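**Q** Would you mind keeping the following structure in view while I ask a few things?
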């Protein structure tokens, strides 16, 4: 099955963000609970506040770059903490990578997400294995690219990305945090799932849903 | 959760209304959540801007005024302020002599101040320097962590560097002094109880009645060790020893702070200071100046922290210089 001409529309990208908001707000207390164990108990409230602010600005974007610039700057200016600059930089870089287009093909989507990950790594100086959102995002993008390379459609490839993000999140449980506030706990940070990796799973669950995956 | 609040999401906005009502000598920008001095930065004076998550009062808004900060950016509780807030404060407070950002070493604070400095320099050409405070000996400083946290030393640094800026020193000199103070101070904190973040509605961590956390930060993040509750003399020892092991404080005068975390009464803080002073004397440390009270708090957490700063004549003179803020006031 090859669908080389498959593209992602602006509506689908807006749907991605709307679904991400729904997942973040629905799981706000869970994210805060995870953050209470190894952080400072604000990840859920901060992400919900940020995505609610984004939702107010999603009306009718005219291009992919302006859409993600708005999303990124809104998160940067409304979330605070580390999540604001990190998720903000992620979306800003997707916009810069995509440019003033109205659709993304699979390659451009992957390139945008890769640029977003590179921005997160540069801003947060985190490497895989540091017990951060990178531990969910990096394997998700690897799975997405592997799926696309194998000729899967976007629905299947993003589902695979979601599955890989979940596995990456689960693997953070045994890790000792080396970045972010959880790193202050040293060995005591092991035994807890990372809240940032958990919100990143929602990002890929939302993407798969918006691109037609995760149908029962 | 029993708190003097209207609604968890309105705590910061409502508190800033109170700050404005209590301190007409300050100017509060409610939209951007910035506390300024009532008068613009004097021409030629380097502006000092700090900020961070709220919940540490009087830090930082309580230290805005003559001899300390020019502006303080208030983030949500325990959450860094955002780049646009910091950028606005930077733009407004700059008199043309440049701005020093005083940042506590937390991942979010560092990232948000970095982005703000990038945006401000690109858009308005204001000169921005920064100092990142990392004085907490409870955290192992290595490339494998986010580094030591910025805690109690922040108060002493804002006072001393504020006095230097007031003297008219330029941005390079003020920044160099800030870095020298940061390298010369160390802190260690402990908690008897957790704190309760209003948005979370329950204590951040569970701490049994017979246990305490040694090495806590100022955000209710659990510490490095959980140990049985002990008498004050032993707690003082557990705070002072790691500080003295980390840096030699016997070569000159020292400024000492016994800081309350917000939920311990002053009588206990003085009791603790007595224990700390005894230990310091025994260790050959000469305390030239001291501060006892709630200066950098963690909401309603019970507990305290100890900060020591190696001083010299220059630092003591700057320490003694007039300061007129709601949180620290002398010589005026």
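**Q** Any residue in region A:194-216 that's in contact (Cβ under 8 Å) with a residue 24 or more places away in the chain and on the phi < 0 side of the Ramachandran plot: show its pairings with residues that are surrounded by 24 or more Cβ atoms within 10 Å (Cβ to Cβ) and not in a helix (DSSP H, G or I) at Cβ separation under 6 Å, as long as the two are six or more apart or on different chains.
**A** Final answer for the pair search is A:194/A:131; A:196/A:132; A:196/A:133; A:197/A:133; A:200/A:133.
**Q** If only one of A:169, A:178 is within 14 Å of chain B (Cβ to nearest Cβ) and either out of contact with any strand residue (DSSP E or B) (no Cβ under 8 Å at 6 or more places or on another chain) or in contact (Cβ under 8 Å) with a residue 24 or more places away in the chain (or both), which one is it?
**A** Numbers: A:169 fails: within 14 Å of chain B (Cβ to nearest Cβ).
Going through A:169, A:178 in turn, just one is within 14 Å of chain B (Cβ to nearest Cβ) and either out of contact with any strand residue (DSSP E or B) (no Cβ under 8 Å at 6 or more places or on another chain) or in contact (Cβ under 8 Å) with a residue 24 or more places away in the chain (or both): A:178.
**Q** Still on this structure, please answer the following. When you look at residue B:151, is it within 14 Å of chain A (Cβ to nearest Cβ), touching a strand residue (DSSP E or B) at 6+ places or on another chain (Cβ under 8 Å), under 26 Å from residue A:179 (Cβ atoms) and surrounded by 24 or more Cβ atoms within 10 Å (Cβ to Cβ), yes or no?
**A** It is true that residue B:151 is within 14 Å of chain A (Cβ to nearest Cβ), touching a strand residue (DSSP E or B) at 6+ places or on another chain (Cβ under 8 Å), under 26 Å from residue A:179 (Cβ atoms) and surrounded by 24 or more Cβ atoms within 10 Å (Cβ to Cβ).
**Q** Another question, if that's okay. Report, by residue number, each residue of region B:200-222 that is in contact (Cβ under 8 Å) with a residue 60 or more places away in the chain and within 7 Å of another protein chain (Cβ to nearest Cβ).
**A** Across region B:200-222, the qualifying residues are B:217, B:219, B:220.
**Q** Taking the condition in contact (Cβ under 8 Å) with a residue 12 or more places away in the chain, outside any loop (DSSP other than H, G, I, E, B) and closer than 22 Å to residue A:123 by Cα, does residue B:103 pass?
**A** Yes; evaluated as a whole, the condition is true for this residue.
**Q** Scan region B:90-100 and give yes if some residue there is closer than 27 Å to residue B:194 by Cβ, outside the structural domain of residue B:299 (by TED's automatic domain parsing) and either surrounded by 17 or more Cβ atoms within 10 Å (Cβ to Cβ) or modelled with pLDDT of 95 or more (or both), otherwise no.
**A** Scanning region B:90-100, I find no residue that is closer than 27 Å to residue B:194 by Cβ, outside the structural domain of residue B:299 (by TED's automatic domain parsing) and either surrounded by 17 or more Cβ atoms within 10 Å (Cβ to Cβ) or modelled with pLDDT of 95 or more (or both), so the answer is no.
**Q** Same structure, new question: Considering only region B:283-309, state which residues are more than 17 Å from residue B:158 (Cβ to Cβ) and in contact (Cβ under 8 Å) with a residue 40 or more places away in the chain.
**A** B:283, B:285, B:298, B:299, B:300, B:301, B:302, B:303, B:304, B:306 - these are the residues of region B:283-309 that are more than 17 Å from residue B:158 (Cβ to Cβ) and in contact (Cβ under 8 Å) with a residue 40 or more places away in the chain.
**Q** Looking only at helices (runs of 4 or more DSSP H) that fall completely inside region A:1-63, which ones have 3 or more residues that are crowded, with 20+ Cβ neighbours inside 10 Å and within 14 Å of another protein chain (Cβ to nearest Cβ)?
**A** Details: elements: A:10-26, A:28-38, A:43-55.
Counting at least 3 such residues, we get A:28-38, A:43-55.
**Q** Taking region B:1-13, which residues are without any contact (Cβ under 8 Å) to a residue 24 or more places away in the chain and within 22 Å of the chain's Cα centre (by Cα)?
**A** Passing the criteria: only B:13.
The values are calculated or read from the model by the stated rules, or taken from the named source; none is laboratory data. In this text the structure is predicted, and so the values were computed from the model without any measurement. Glycine gets a Cβ as well: all are built from the backbone with ideal geometry, and neighbour counts include every protein chain shown.
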